[in-house]
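Here the structure comes first, spelled out in structure tokens, and everything after it is commentary.
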Amino acid sequence: MGDIKKKISVKEIENLGFLTRISLSETEIESFTYELNEIVDYISSISNVCTETVNVLSQPETRESVIRKDIVEKSMPRQSLLSNAPDKTDKFLKVPKIL
């Protein structure tokens, strides 16, 4: 397994500050360089994990879809629906204007 040993340089942090239009002090540049290198070192430690006994998964979740089937079903009769409506016009529901 290959280790990631690329270190982030002060020059790269300065360039990042320039690209993002953020003014960084020397203290901030040094701090960000150190902190980002710590993060990269921590993440690169994942490459040291032995995964030879772990089964390869193409799908980590084994659950099936919880979405119901899209089946056309008979709906409520129009007259029944309109009889419960507080306001109607002919064969349509009348609702308050939104805009």
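Readers should treat all values here as calculations from the given coordinates under stated rules, not as data from a laboratory. Everything numeric here is computed off the predicted structure, so don't read it as measured data. Here Cβ is always computed from backbone atoms with ideal geometry, including for glycine, and neighbour counts include all displayed protein chains.
Observations on the structure shown:
- Residue-wise HN-Hα couplings along the range 46-54, as the Karplus relation 6.51 cos²θ - 1.76 cosθ + 1.60 with θ = phi - 60° gives them from phi, are 4, 5, 8, 6, 7, 10, 5, 9, 8 Hz; Gly and Pro carry x.
- Most to least packed among 13-21, 29-37 [average Cβ atoms within 10 Å]: 29-37, 13-21
- Helix 10-19 axis versus longest C-alpha principal axis of the chain: approximately 30°, rounded to the nearest ten.
- Förster-model FRET efficiency, 35 Å R0, Phe18 and Asn48, C-beta, rounded to 0.05: 0.55
- Full-stretch length increase - Ile71, Glu38 - with 0.36 nm per residue and alpha-carbon distance subtracted: 6.5 nm
- Rounded to the nearest 500, the helix-only mean residue ellipticity at 222 nm of the chain stands at -11500 deg cm²/dmol, with each DSSP H run of n ≥ 4 adding -39,500 (n - 2.57).
- For the chain, the longest principal axis of the alpha carbon atoms and the long axis of helix 26-44 meet at an angle near 70°.
- Based on C-alpha pairs under 8 angstrom that are at least 6 apart in sequence, the chain has a relative contact order of 24 percent.
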